[in-house]
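K.L.:
Next up is a structure, given as structure tokens.
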Amino acid sequence: MAIEIQTVRHIADLACLEFSEEEIQVLSRQLNEVLVYIGKLSELDIRAIEPTSHGTEVSHAFREDRVVPSIPASEALANAPESREGHFTVPKVIG
Amino acid sequence: MEDLHCLTGTEILSRIRSRQISATEATRSCLDRIDSVDPRLQAFRAVLREEAVARAEAVDQTLSRGADPGPLAGLPLAVKDVICLAGHPTTCGSRILRDFVPRFDATVIDRLRGAGAVFVGKTNMDEFAMGSSTENSGYERTRNPWDLERVPGGSSGGSAAAVAADLVPVSLGSDTGGSIRQPAAFCGLPGLKTTYGRVSRFGLVAFASSLDQIGPIGKCVEDLARLLAVIAGQDPRDSTSSPAPVPDYVGMLDRGIAGLRIGVPKEYFPTGLDAEIGTAVRRSLDRMTGLGASVEEISLPHTGYTIPTYYILATAEASSNLARYDGARYGRRDPGARELGEMYRRSRSGGFGAEVKRRIMLGTFVLSSGYYDAYYLKAQKARTLLKQDFDRAFREVDLIVTPTTPTAAFRFGEKTDDPLEMYLSDIFTATMNLAGVPALSLPCGVTRQGLPIGLQIVGPPFGEADVLRAGAALESDLGFRSLHRPRALER
């Protein structure tokens, strides 16, 4: 299944990545090469197989619902590119 | 005074405990060697000089009082820069996290510190653990101590190179598709990927959450067992960590392999397999027979679907895990953005390298509407089949042995033009991540060009004790360390 340039642009939007026109062309070619290889999976008849999403059988990993200290706001903001009055500041959401 | 830097982790621990050397001497020996050698090797992203010396001195003070600093007292250790060490940058080999300083330690760091270990530095890696050569680092180019024009492997290339060049006796890496085992193989060292859930991932920056595991690289199998004894075990802060009990890995090491049944999967010895690698692995299997194990051919029939399955699932998980790098709360923020969407796009695009972007794109695609069933869901089902191959095999055999890599260390730039070719380096290692089973790479020989060859020992889930004892028995028999040393840095 080959993907078209338009689809590659759409995927870039979904991934919040921007590329130059040249990069899109190269990327499109590389992705298609990988997808051809990945297409090998279509050889398998796996309609009746259950999917595995986990590395192990650990499930229902609950803990006691106890309140313990979490990191203070000052720590949480320590790596913020910009912050003010205990909040992360970002450019406006709507243009 | 013998060259401290040539000792194994186990030997250093023993000499510190018997007060033949001090922890401070051991750490200073590493720091001196890093100063003289690392400029050419570039294994380290950061060296934690003051902190390491202070820790070592504290260990010495504890020992002088007659108290016990812990089972790893004074052991100098390097940590792959994907694992959080509070107060020091954790870059994950990426420009997007150049100034990111974690506010807490990873669980493995807590445990190692509690055991008396000394953190000497953070090591270089492929960006966000994506790569098989460390060429994808946004920073240094780490070289292979066996041949400086060749890659150390990846993504834990810095961790492997640092140990191989005797800068530290042991290091921590992480393994998602082979990222501990392949660099260990390329650098002539033992390296272990544990059962999924054996070691806590809390504080490990996530690449693929259902595949990632932290593990040790050392100079001998006993080094790995000693580290594993400290870092293994359930962690309430990692809900994917297992409550399975932690056996006495060190105590069980010298039980030998007599009576163990070893399976050799025919799919891992394809017609095109490099002849030197095939020969070295088969010769080692003969040695194992000589030590009392029985060897039989088995089949892992779905092996051919490993790479497609891995590159769908790992990239899908990565695209989700790397969505957090948006410039909002930490990491690089593009200074010019005037609205939020632009901030996300520019911060990410200007901060990630090409391979990371490529994998995010692939992962986003396979999860997207219209393609999810054909790719992602199908890959999850293929994963079930790969896991069942191992379940079935381990009903007949105790361990499985394969080559670790299809080639020895390749030259810089040799595989960077073709992403798919680089992905195929994972062909013998990625299945074990998909199946969640433990696997050790052990050096078993060298090529005609003097490059190390790795052999992989795979066990059933939580079978690390058997994997390690088989590794120890073979290691002792082969005597690799006494026969072969990397010499490239001595020139």
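K.L.:
As an exercise: evaluate A:Ser28 against (1) more than 25 Å from B:Ile307 (Cα to Cα); (2) buried (at least 16 other Cβ atoms within 10 Å of the Cβ); (3) touching a helix residue (DSSP H, G or I) at 6+ places or on another chain (Cβ under 6 Å) and give the number of the one condition it does not meet.
P.N.:
(1)
K.L.:
Quick check on the stretch B:230-255: of everything there that is assigned to a helix (DSSP H, G or I) and under 16 Å from B:Ile109 (Cβ atoms), which residue is farthest from the other protein chains (Cβ to nearest Cβ)?
P.N.:
B:Val230
K.L.:
Out of the stretch A:69-89, which residues are surrounded by 10 or more Cβ atoms within 10 Å (Cβ to Cβ) and outside any loop (DSSP other than H, G, I, E, B)?
P.N.:
A:Ala73, A:Ser74, A:Glu75, A:Ala76, A:Ser83, A:His87, A:Phe88
K.L.:
Here is a list: B:Leu41, B:Leu48, B:Leu75. Which entry is over 18 Å from B:Arg19 (Cα atoms) and surrounded by 23 or more Cβ atoms within 10 Å (Cβ to Cβ)?
P.N.:
Checking each option against the conditions leaves just B:Leu41.
K.L.:
Take the residues in the stretch B:327-346 that are at the interface with another protein chain (Cβ under 7 Å from one of its Cβ atoms) and assigned to a loop (DSSP other than H, G, I, E, B), then tell me which one is surrounded by the most Cβ atoms within 10 Å (Cβ to Cβ).
P.N.:
In this case the residue turns out to be B:Gly327.
K.L.:
Here's something else I'd like to know. If a residue has to be at pLDDT 85 or above and within 7 Å of chain B (Cβ to nearest Cβ) to count, how many in the stretch A:40-60 make the cut?
P.N.:
Total meeting the criteria: 8.
K.L.:
Could I ask something else about it? Could you tell me which residue of the stretch B:347-360 is surrounded by the fewest Cβ atoms within 10 Å (Cβ to Cβ), considering only residues that are in contact (Cβ under 8 Å) with a residue 40 or more places away in the chain and at the interface with another protein chain (Cβ under 7 Å from one of its Cβ atoms)?
P.N.:
B:Arg358
Yes or no, residue by residue, for (1) more than 7 Å from chain B (Cβ to nearest Cβ); (2) not in a helix (DSSP H, G or I):
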{"position": "A:Glu22", "(1), (2)": "yes, no"}
{"position": "A:Val34", "(1), (2)": "no, no"}
{"position": "A:Ile38", "(1), (2)": "no, no"}
{"position": "A:Val67", "(1), (2)": "yes, yes"}
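K.L.:
Can you tell me which residues in the stretch B:420-438 are small (Gly, Ala, Ser) and either part of a loop (DSSP other than H, G, I, E, B) or within 15 Å of B:Met130 (Cβ to Cβ) (or both)?
P.N.:
Result: B:Ser425, B:Ala430, B:Gly436.
K.L.:
Of the residues A:Ala73, A:Ala61, only one is touching a residue at least 12 places away in the same chain (Cβ under 8 Å) and over 30 Å from B:Ile307 (Cα atoms); which?
P.N.:
A:Ala73
K.L.:
How many residues does the stretch B:288-321 hold that are more than 18 Å from B:Pro403 (Cβ to Cβ) and either within 27 Å of the chain's Cα centre (by Cα) or within 14 Å of chain A (Cβ to nearest Cβ) (or both)?
P.N.:
16
K.L.:
Return the residue satisfying two criteria in turn: it lies in the stretch B:408-441 and is among the aromatic types (Phe, Trp, Tyr) and closer than 24 Å to B:Leu385 by Cα, and of such residues it is nearest to the other protein chains (Cβ to nearest Cβ).
P.N.:
Restricting to residues being among the aromatic types (Phe, Trp, Tyr) and closer than 24 Å to B:Leu385 by Cα, the top hit is B:Tyr423.
K.L.:
Enumerate the pairs (first residue in the stretch B:378-394 and more than 9 Å from every other protein chain (Cβ to nearest Cβ); second residue anywhere and of a type outside the set (D, E, K, R)) with beta-carbon separation below 6 Å, excluding pairs fewer than 6 apart on the same chain, so at least 6 apart or on different chains.
P.N.:
These pairs meet every condition: B:Asp389/B:Leu300; B:Asp389/B:His302; B:Phe390/B:Ala435; B:Phe390/B:Val437; B:Ala393/B:Gly263; B:Ala393/B:Ile298; B:Phe394/B:Pro460.
K.L.:
Among the candidates B:Gly173, B:Gly197, single out the residue that is surrounded by 24 or more Cβ atoms within 10 Å (Cβ to Cβ), modelled with pLDDT of 95 or more and either in contact with a His (Cβ under 8 Å, 6 or more places away or on another chain) or assigned to a loop (DSSP other than H, G, I, E, B) (or both).
P.N.:
B:Gly197
K.L.:
Regarding B:Ala225, is this residue in a helix (DSSP H, G or I), out of contact with any Pro (no Cβ under 7 Å at 6 or more places or on another chain) and over 26 Å from B:Leu41 (Cα atoms)?
P.N.:
Yes: the conditions hold for B:Ala225.
K.L.:
Restricting attention to the stretch A:9-20, report how many residues are surrounded by 20 or more Cβ atoms within 10 Å (Cβ to Cβ) and not in a loop (DSSP other than H, G, I, E, B).
P.N.:
2
The values are calculated or read from the model by the stated rules, or taken from the named source; none is laboratory data. The structure displayed is predicted, hence computed values, not measured ones. Every residue, glycine as well, gets a Cβ built from its backbone with ideal geometry; the counts of neighbours run over all protein chains shown.
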